Amino acid sequence: MTLFRQLHDDAFLAFSRDHKHLYAACLLDLHERFFSGAPSFPTPQQVVHAIYDVMRANPVLWNEGDDLGSLPEMISAGRRRIRKADAALASEKGDKALGLARQLYARLLAWGWLEEEEYGLRVTVDMAMGPLLVIQRLASLNKDLSQRFGGLIVQIRLNLEAVEKLRPEITDRKQREAALAVREARNQADQFTKSLRAILADLKRVRRTVMETKTVATRLEAFFEEFVEQLLLKDFESILTVNHPYRFRDAIVDLARRISYTPETMQVLAEEYTASSMAADIEDGRMAAADDLLAIESIFDQIGEMFDRIEAFRRQLEARVRNTIKYAERGGQGLVGRASDLVRRLDALLRDGRHHNATTEWSIEPLRSPWSEHHQAPARQPRRPVEARELAEPPSDPLYELRKKLRLEYIARIAPRPEDVRRFLEGQVPPFATREARFMEIDTVDDFLAFDCARRYALTGEIPVQVAAGFDLEPRPDTPPHDSEWLRCANFVVRRSGPLRKAEAARAQ
């Protein structure tokens, strides 16, 4: 299959046999010892020695049938022999365990987890790309699963701030290489999203663990161990304190938008993407940079839903534990059970006649009978025939009518009609003239909405007939952008044209 083309067909047999835990421990130890960190090329003798050390440290994983006791320590010495660290401990048990270690090594070779390479007279052991990636993921799962954000959000913001300062006139290579931080920021944003999903999945696991407990004591113990110690004090502390994403979310979204709307910065990004072989040409680099910025903007613009889910799960879990504590005293072992036992013993003392005057003055509410003439169900009346009457009008709610009217006005205002855009352009562009968007003045909200519609017309080229009859709109990304208190966007040009301009010219003549 394409999914496992980098793995041997029998690779997963190591985790399906009787000694799967031993194979897992050996692979994790070999990865940590030889195939992570500094480059290392061990010999088969050293690998067998490492497997022997794992067997010696974890005897419960392999000696189910044979109790070999304590094994002697083996130390690699030279190329072709393994000497015993303590000759007094040398025995048949050590030789048998060493033979099992060689057998495990041979199976790892046969299943594709390890492979031997010959360099002249020397034979070394290496791990192929596919098994190495798999064991890296397994090693990460074997460690602490709690996520750590640290300065991840701050680093994304700092990277984008450095990218925003790039301009084509900057020639320093160190400053221009900051453009590659956009791709790194996107990868960090993806990692942040995965971390949030991991926390949400961990909350589900904790809730399942807490709810599966049988007694109140074990439920509380699972809640404090699984949720409070492992998740709340680690993951929640990292996202609900100074590193909370909401602290820099708006800043990151604004930075990504400003960079994507700045042609000079996008030009530098496209050049650096092309120079680092991340894109085939300048246009491809500009599209790749735009995709990275859009991905960052989308991720931080939509993390609110993920945090809402995390907060909802947290509230549900705490509510269930709170209800458990609230109703725990109502059981037989709680306050009710103890109080009922005390009442029964007091009644027994009274029945024995040992305390004739065992009474206490207290105000007790008088008993009332639940029966009353007003509590009885009314008698069934004869069914009345259906009478034809006019339907009553629905009750009128002035507040509802006002809200409905305001909502319609808002919808009509937030989406300007082509006629509104044309009137705005007529006020901005003089007759027989051309005007760039960066020189247009926006005074009101309606002007801003009409300007934004004109900007979309220019970018997409889809101009309504009412606007196209009098104006031509063309984008100009190579010129300075429009930058005002209302928005910052790429520049475009509006010129008078079409039948309307001809009619104005005829009236002028």
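Between the beta carbons of Arg417 and Asp472, assuming R0 = 22 Å, the FRET efficiency works out to 0.65 to the nearest 0.05.
Taking 0.36 nm per residue of sequence separation and removing the Cα-Cα distance, the Arg17/Arg345 pair yields an extension gain of 111.8 nm.
Between Arg208 and Leu158, what FRET efficiency follows from the Cβ-Cβ distance if R0 is 41 Å, with the result rounded to 0.05? According to the calculation, E is roughly 0.55. For the pair region 447-491 and region 103-141, the centres of their Cα atoms are 60 angstrom apart.
Between Met287 and Ser484, the modelled labels are 3.3 nm apart [label points 7 Å from Cα along Cα→Cβ]. Maximal additional length on extending the Leu402-Leu294 stretch stands at 35.0 nm, based on 0.36 nm per residue less the C-alpha distance.
In order along region 124-129, phi translates into HN-Hα couplings of 10, 10, 9, 10, 5, 5 Hz, rounded to whole numbers, per the Karplus curve 6.51 cos²θ - 1.76 cosθ + 1.60 with θ = phi - 60° and x for Gly and Pro. Between Ala251 and Phe432, the simple label model (points 7 Å from Cα in the Cβ direction) yields a spacing of 5.3 nm.
Here Met129 and Asp29 are evaluated by their C-beta separation; at R0 = 22 Å the FRET efficiency comes out at 0.65. Across region 159-176, rounded Karplus estimates of 3J(HN,Hα) from the backbone phi angles (6.51 cos²θ - 1.76 cosθ + 1.60, θ = phi - 60°) give 5, 5, 5, 5, 5, 4, 7, 6, 9, x, 6, 6, 10, 5, 5, 5, 6, 5 Hz, Gly and Pro being marked x.
The H on the amide N of Phe492, modeled in the peptide plane, is under 5 Å from the matching H of Ala437, Arg438, Arg476, each at least 5 residues off or on a different chain. Listed values for region 40-50 are Karplus-derived 3J(HN,Hα) couplings in whole Hz (6.51 cos²θ - 1.76 cosθ + 1.60, θ = phi - 60°), namely 9, 10, x, 8, x, 4, 5, 5, 4, 4, 5, and x replaces Gly and Pro.
Throughout, read-outs are computed from the coordinates displayed, never taken from laboratory work. This structure is a prediction, so every number in the text was calculated from the model and none was measured. Heads up, the Cβs are rebuilt from the backbone with ideal geometry, glycines too, and the neighbour counts pull from every protein chain shown.
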